[in-house]
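Participant: The structure under discussion is supplied below as structure tokens; questions concerning it will follow.
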Amino acid sequence: MSKLKNIIKQLSVKDFHSIYDSLMESNAEKSAYLLKFLREKKLSDSKIMEALEVNTNAYYTLRSRLNQKIEEYLLLQMESPRTSLLKKVANVNEVIFTKKKAIAIATLKKLEKELIDYDLANELTIVYKTLKKLQINSPEAFTYSQLYNRHVAYMLALDKSEDLVAQYFQKYGSYLLTNDETEKYGLSMLKKEVENVSNLYQSHRLFIYESCINIFHRLFVEKDKKEDEAVPLEEIFDKVQEAFDQYYLDSIYFHLKLVFEYLKFEYYSINNIYRKAEKFFEEVDEASVALLTNYNLYTFPAKLLLTKLDRYIRVGSENLLYEENKILFSEYEVDLEDVPQYVIYTMYRALGCYYADKYDEAARLVNNLLNVQSLKKYPFTQMEVKLFLALQYCLLKDYDLFNQLINSIQRQVRILGKEQCTHVLLYTKIMKSSLNDVKKSKASKIQGYINKLRNVLPKHFSPLNYVKLDDDFIGRLS
């Protein structure tokens, strides 16, 4: 919330009134009043909720929507000069046919400078191509021919870099679900290829794309690797911010700021610097839906959901997930073609149900996942999802469905190999003890299995890695 307050306080008087009037005109009075309260009054959140006559959940939604409205307004202000510039490029032929040669060249040179400021490589090729033709009888023609060729090559390098970044995060989803060494090697090769492209040019944009992968790779793929000679991640974050500050009118950078705020949250969380992590959590959490929907080409946003689970479990507030998720994801439509994200999102929602003791709802979510998606490509993930579903049937005391599912899981264990599935066998014993043993011996028997289980938890994605193996877990089962 502090970040939203700071943004509102830094708005110019003109921008503040424009946003306020726009909200009032669109019948969003409460959002307008919230904007005013945060700008002009030093009230606590509870006092603002009281003044607006809303509960905590509604207040959470209200501030999220206000933040979105402010971002949309600021983006529109940012795009105005850029749009004007693109219109000038579109009118280049008009300049050639209606202006004297000297004026046309001067106009194009001024346009060149403006395009360089915005780093618009594609549009620069049009300007250089035109300048080359206008000066065909001059030695300058060679200079602009070289600039044209260089910017065509640079434009292709940008396209390739963006494609490689998108491929990397698509492949990471498969790696997360399998922990396969071949997938890991493929990720390292894509990272190396992006670095090679970036090294061809002194380009802040290529550096930003490279940093999307570089930071993520070091946090989640080669996290155990010692990198004494590598540039510290905080230094990379600083350089990225310098580029964002220098090219503040760039619309891509305006959006990519969220990616790096998310990466900072992950970085500080992994290093247990929770005070700094919390600075980014609220902003990133409110943008969870936007990240999941629109940012898959530049990061793997579903990883945020797993880090959120870790955070809620760490602070002991996992029971709040269910109600918060209902609000946060009320309008979210998951992409069924993105299988890794769909699996993680569904299991995240199902875990929220589990911690709210809504085992029926958790089972429905998981059953729908198994019915809609074929997970044959990810046999271990398929088994983990079924194992979590079996836990819900166990807690519901649905013996028939539980036994059917356990038989299916045991068939998969025989195919994949018992040595790969030690944790599955232990979980199966825990659940069978819960359903079959006499009450007096259940708790101690389950505790014994848990002690063994802690040492064999899987490295690939498993929803059961986010189930707390504590007294509450034993109490649920015994």
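Participant: Residues of region 429-469 being more than 39 Å from the chain's Cα centre (by Cα) and in contact (Cβ under 8 Å) with a residue 60 or more places away in the chain, which ones?
Facilitator: none
Participant: Quick check, is residue 285 outside the structural domain of residue 64 (by TED's automatic domain parsing), among the acidic types (Asp, Glu), out of contact with any Ser or Thr (no Cβ under 7 Å at 6 or more places or on another chain) and in a loop (DSSP other than H, G, I, E, B)?
Facilitator: no
Participant: Quickly run through region 425-473 and pick out the residues that are at pLDDT 90 or above, β-branched (Val, Ile, Thr) and surrounded by fewer than 18 Cβ atoms within 10 Å (Cβ to Cβ).
Facilitator: Those that are at pLDDT 90 or above, β-branched (Val, Ile, Thr) and surrounded by fewer than 18 Cβ atoms within 10 Å (Cβ to Cβ): 450, 456.
Participant: Could you please let me know if residue 329 is among the aromatic types (Phe, Trp, Tyr), at pLDDT below 95 and either in contact with a helix residue (DSSP H, G or I) (Cβ under 6 Å, 6 or more places away or on another chain) or surrounded by fewer than 22 Cβ atoms within 10 Å (Cβ to Cβ) (or both)?
Facilitator: Considered against the rule, which asks whether it is among the aromatic types (Phe, Trp, Tyr), at pLDDT below 95 and either in contact with a helix residue (DSSP H, G or I) (Cβ under 6 Å, 6 or more places away or on another chain) or surrounded by fewer than 22 Cβ atoms within 10 Å (Cβ to Cβ) (or both), residue 329 comes out as yes.
Participant: Out of region 165-191, which residues are under 30 Å from residue 126 (Cβ atoms) and surrounded by fewer than 21 Cβ atoms within 10 Å (Cβ to Cβ)?
Facilitator: Scanning region 165-191 gives 166, 167.
Participant: Next up: Tally time: how many residues in region 443-477 are under 19 Å from residue 306 (Cα atoms) and aliphatic (A, V, I, L, M)?
Facilitator: 4
Participant: Right, here's the next one. With the condition kept exactly as written, say whether any residue in region 272-286 is of a type in the set (Val, Ile, Thr) and touching a Leu at 6+ places or on another chain (Cβ under 7 Å).
Facilitator: yes
Participant: State whether one or more residues within region 89-112 are under 30 Å from residue 13 (Cα atoms) and in contact with a helix residue (DSSP H, G or I) (Cβ under 8 Å, 6 or more places away or on another chain).
Facilitator: no
Participant: Okay, moving on. Do you know which of the residues in region 387-424 that are among the charged types (D, E, K, R) and on the phi < 0 side of the Ramachandran plot is surrounded by the most Cβ atoms within 10 Å (Cβ to Cβ)? Working first, answer last.
Facilitator: Pass one, region 387-424, residues among the charged types (D, E, K, R): 397-398, 400, 411, 414, 418-419.
After this cut, where a residue has to be on the phi < 0 side of the Ramachandran plot as well, the list is 398, 400, 411, 414, 418-419.
Details: 398: 18, 400: 8, 411: 11, 414: 9, 418: 10, 419: 6.
Here the answer is 398.
Participant: With the condition kept exactly as written, say whether any residue in region 290-305 is crowded, with 22+ Cβ neighbours inside 10 Å and of a type in the set (Gly, Ala, Ser).
Facilitator: yes
Participant: Out of the residues in region 354-371 that are under 20 Å from residue 405 (Cα atoms) and in contact with a Phe, Trp or Tyr (Cβ under 9 Å, 6 or more places away or on another chain), state the one that is surrounded by the most Cβ atoms within 10 Å (Cβ to Cβ).
Facilitator: 362
Participant: Here's another thing I want to ask about it. Of everything in region 243-268 that's at pLDDT below 95 and farther than 18 Å from residue 68 by Cα, which residue is farthest from the chain's Cα centre (by Cα)?
Facilitator: 246
Participant: Mind checking whether some residue in region 388-400 is under 26 Å from the mean Cα position of the chain (by Cα) and either modelled with pLDDT of 95 or more or farther than 18 Å from residue 459 by Cα (or both)?
Facilitator: Looking through region 388-400, at least one residue is under 26 Å from the mean Cα position of the chain (by Cα) and either modelled with pLDDT of 95 or more or farther than 18 Å from residue 459 by Cα (or both).
Participant: Same structure again: Any idea how many residues of region 358-368 are touching a residue at least 24 places away in the same chain (Cβ under 8 Å) and more than 24 Å from the chain's Cα centre (by Cα)?
Facilitator: From region 358-368, those touching a residue at least 24 places away in the same chain (Cβ under 8 Å) are 358-360, 362-363, 366; that's our starting set.
Now restrict to residues that are more than 24 Å from the chain's Cα centre (by Cα): 358-360, 363.
Residues in region 358-368 being touching a residue at least 24 places away in the same chain (Cβ under 8 Å) and more than 24 Å from the chain's Cα centre (by Cα): 4 in total.
The values are calculated or read from the model by the stated rules, or taken from the named source; none is laboratory data. As the structure is a prediction and not an experimental result, all values here were calculated from the model. We place every Cβ from the backbone using ideal geometry, glycine too, and count neighbours over all the protein chains shown.
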